[in-house]
1. Could you pull out every residue, at least 5 positions away or on a different chain, whose amide H is within less than 5 Å of the one on I192? Hs are placed 1.01 Å off N in the peptide plane, and Pro or chain starts have none.
2. Just how far, in whole angstrom, is the stretch 259-297 from the stretch 176-245 if you go by their alpha carbon centroids?
3. Label-point separation (nm) for E67 and T220, each offset 7 Å from Cα along Cα-to-Cβ?
4. Around V229, with a cut-off of 11 angstrom between Cβ atoms, what is the net charge of the other residues, counting Lys and Arg +1 and Asp and Glu -1?
5. Could you give me the ³J(HN,Hα) list for the stretch 256-273, computed from phi with Karplus coefficients 6.51, -1.76, 1.60 and θ = phi - 60°, whole Hz, x at Gly and Pro?
6. Say a paramagnetic label sat at a point 7 Å from the Cα of S141, along Cα to Cβ; which residues of the stretch 102-128 have their backbone N under 17 Å from it?
7. What FRET efficiency comes out for R269 versus K187 if R0 is 25 angstrom and r is the Cβ-Cβ distance? Round to the nearest 0.05.
8. Under the rule of at least 5 residues apart or a separate chain, name every residue whose amide H is placed under 5 Å from the amide H of A236.
Amino acid sequence: MASHPSIGDTSEAATQPSLVRSSSHKRMSTRNRLLFFLTAWLIALMPFLFWWNTWFGRHLSDRQIEEYLHDQKHPRHIQHALVQIGERMGHDQGTARWYPDLIKLATYPVEEVRNTDAWVMGQDNAYAGFHPALLAMLQDSSAMVRGNAALSLVRFGDASGRPQILALLQPATITVPAAGRIVEVGKAGTPIRQNGLVAKLETGGQTIELRSPIAGRIRTMTAAPDAGVSAGAEVAIVDPDTNQVWEALRALYLIGQVDDLAAIRPYEREIPEVPDSVRQQALLTEKAIREKATAQP
C-alpha cells in the first residue's frame, strides 16, 4: 500500500507539491470560462427578470399604463396597470382618462383582473360610473370579486354588498365534484394563495385539481392520500386571509347590523390564529354595531 508524504519526508513528491497538482488539474479553457460566467450571470439575472415582470409596484409611465391596460395577451400586464392607476387616484386627475376602461374590465374573463378592477374602482367614489359597475359585480361568479366589489361599494355609502362582506369572514370548504381517490393533499397550517392547489383527485381515468377559492391558510385536511371519497365529500377547510378579514371587519364597522355579530365574534378570541390587529378590529366593530343599534329609536 502506498504511503502519503509526512512532515520531514524529503522525497521528491513531498518537496514539489506544485508539480503534483499541475499534473492532476488541467487549466480551464477560455470557452469553458465564458460558459461558466454566462451561466452564473443568467442564474443571477433570472430572479431579477421574474421580479421585474411580476412586481406590480414597479412604476409605469402613462404610455406604459396605456399599453399594459390593453394588452389582451398578458392579463398580468392589465393587473399591473390597474394597480398603478389605483395608487394614483385621488392625487392625479389624469387617471380619469382610463375610467371607461376600468368599467369595461368589470366583465373581463380572467378572475384576477376583475378582482383587482373591483378594488381599484373603489378608490374614487366621486366617479358615478363606477357605482353601477360595482353593483353588477356583486353577481360575479368569483367570491373574491364579489367581496372586493362589496368593499368598494361601502366607499360609495352603499351597503348592498353586506352579505358578500359577511361571506369574506367565512372559511371555504373544499369538496370533491365526483367519487374517486385522493392522490395528493396539502398540509394543515400551510398558507395558500387564491386558486392554490389543495389536493388532487383521480376519477374516471383523469386527475382533477382541487383548488382554494380564497387566499388564507389550510385549517384542516379531512382526506388522506390514497383515500377513496364519494361525490361531494369534504377534503379541506381553508380559513380566510387575515387582511381580507380585517378589511371586512372595517366595512362592517360602518354598515354592520346586530345580526352580523355571530360572524364577527370568532375573531375576538385570543388565539394564535387571530392576529391582535384583527381581534382589536373585531371588538371595535361589535362596539360600533351595538352603539348604532342602541341609538336607533
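Each value in this text was obtained by applying a stated rule to the coordinates, not by laboratory testing. Note that this is a predicted model, so its numbers are computed, not measured. For neighbour counting, all protein chains shown are included, and Cβ atoms are generated from backbone atoms with ideal geometry for every residue, glycine included.
1. It is G216, R217, I218, by chain and number.
2. 30
3. 5.2
4. Cβ neighbours under 11 Å give a net charge of -2.
5. Residue by residue, the stretch 256-273 yields x, 10, 4, 4, 7, 4, 5, 7, 7, 4, x, 8, 8, 6, 8, 10, x, 6 Hz.
6. It comes to 105-116, nothing else.
7. 0.60
8. The list, which skips near neighbours in sequence, is I174, T222.
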